[in-house]
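Everything below concerns the one structure shown next.
The numbers here are math on the coordinates, done by the rules we state, and not lab data. Model, not experiment: these values are computed from the prediction. With ideal geometry, Cβ positions are generated from the backbone for all residues, glycine too; neighbour counts draw on all protein chains shown.
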Amino acid sequence: MEADNLKQLLENVKNGSTSIDEAVIKLKSQPFEDLGFAKIDYHRKLRNGYPEVIYCQGKTVDQIKAIVERLMLRENNIMATRAGSEVYEAIKTITQDAVYYEAARIVVVKRRDIKATEKVIAVITAGTSDIPVAEEAAVTAETLGNKVDRLYDVGVAGIHRLFANMEPIMKANVLIVVAGMEGALASVVSGLVDKPVIAVPTSVGYGANFGGLAALLTMLNSCASGIGVVNIDNGFGAGYLASSINQM
């Protein structure tokens, strides 16, 4: 249930076109639906502004299809993250509205248009190998109704590449910085801007990178102000948080 629907229901109770008992029945059927293997949270959009997102890893294709089918009844946009091509092919059998963003590993079922805010989120990567996580962040932010600028492969090993892109960096309202190896790029970017920086450590790197732990610790220990850090490879979390900030 969306806020507009809830307001209309309350208005109907107020003017007498819907009885209190009828309203109670409608509200009782709204919070979640128990499918046995999943409890779909239909109030997520009312509470958080966007419907529940399907995290596909660990779920079977049949489970994902069943969740998508139920969510489609609410006429909301649907986002399935960490989705392989087999998930996309399965979702396509129940709706032609599905779009697969292969690099981001995200399937979006677009049921309605979302007007994008004019403020821009910049998604920046240190290297080309960080692009899959960056694309997860970028596609998430775009699906949630934001304009996104992508600035890829501008890491500290060739820092002149970053400085050559200062105009879009300075214009951004929120910045997502995605970096593996030692993760230094987030500190550099944060030292240049007066906007919030969301740092995403990636698991890209050699042995002592410890699967992203080295980058995570660098970002957590940054001496630059204004940095928030999400989990290793969590592009979705960065994109969602950036959207929340950007639309305040």
Scan around Glu52 for amide H atoms under 5 Å from its own, H built in the peptide plane at 1.01 Å from N, and keep only partners 5 or more places away or cross-chain.
Arg44, Lys45
Taking neighbour Cβ counts within 10 Å as the exposure measure, how do Thr140, Thr18, Thr60, Thr218 sort from fewest upward?
Thr60, Thr18, Thr218, Thr140
The chain - convex hull of alpha carbons, volume per residue in Å³:
144
Under the √(5λ) rule applied to the eigenvalues of the Cα gyration tensor, what semi-axes describe the equivalent ellipsoid of the stretch 198-238? Give them in Å, descending.
17, 13, 5
In whole Å, what are the extents of the stretch 61-140 along the principal axes defined by its C-alpha atoms, from largest to smallest?
38, 29, 16
Among Leu192, Leu151, Leu216, whose mean-square fluctuation peaks in a Gaussian network model of the chain (Cα, cutoff 10 Å)?
Leu192
State the answer as a single residue: which of Thr140, Ile124, Gly183 lies farthest towards the positive end of the charge dipole of the chain, with beta carbon charges of +1 for Lys and Arg and -1 for Asp and Glu, about the Cα centre.
Thr140
Go through the stretch 178-186 residue by residue and turn each phi into a ³J(HN,Hα) via Karplus (6.51, -1.76, 1.60, θ = phi - 60°); whole Hz please, and just put x for glycine and proline.
10, 8, x, 6, 8, x, 6, 4, 4
What is the helix-to-structure angle for 3-15, meaning the angle in degrees between its Cα long axis and the longest Cα principal axis of the chain, kept from 0 to 90 and rounded to the nearest 10?
30
Report the trypsin sites (Lys or Arg not before Pro) located in the stretch 57-155 that are in a DSSP loop and have at most 13 other Cβ atoms inside 10 Å of their Cβ, or state none.
Arg112, Lys115
Need the list of aspartates and glutamates near Lys7 for cross-linking: C-alpha distance under 20 angstrom, and skip anything on the same chain fewer than eight residues off.
Asp21, Glu22, Asp41, Glu75
For the chain, the charge dipole (Cβ of Lys, Arg +1; Cβ of Asp, Glu -1; about the Cα centre) points to a positive end, and the Cα of Val154, Ala172, Val200 closest to that extreme belongs to Ala172
List the longest stretch of the chain that has no exposed loop site; here a site is one of the chymotrypsin sites (Phe, Trp or Tyr not before Pro) assigned by DSSP to anything other than H, G, I, E or B, with at most 16 other Cβ within 10 Å.
38-205
Column: log10 I(q)/I(0), Debye, Cα scatterers of the stretch 46-191, q = 0.10, 0.11 Å⁻¹
-0.41, -0.48
Folded to 0 to 90 degrees: helix 61-72 orientation relative to the chain principal axis, Cα:
60
Phi to ³J(HN,Hα) by Karplus 6.51 cos²θ - 1.76 cosθ + 1.60 over the stretch 196-211, Hz, x for Gly, Pro:
x, 10, 9, 9, 10, x, 10, 7, 6, x, 7, x, 6, 5, 6, x
Within the chain, percent of DSSP bridges classed antiparallel, to nearest 5
30
Search the structure for amide H atoms under 5 Å from the amide H of Ala199, placed 1.01 Å from N in the peptide plane, and list their residues when 5 or more places away or on another chain.
Val177, Gly228, Val229, Val230
Listing Val109, Val174 by rising number of other beta-carbon atoms within 10 angstrom, fewest first, gives Val109, Val174
What span do the alpha-carbon atoms of the stretch 117-246 cover on each of the three principal axes, reported in whole Å from largest to smallest?
41, 27, 25
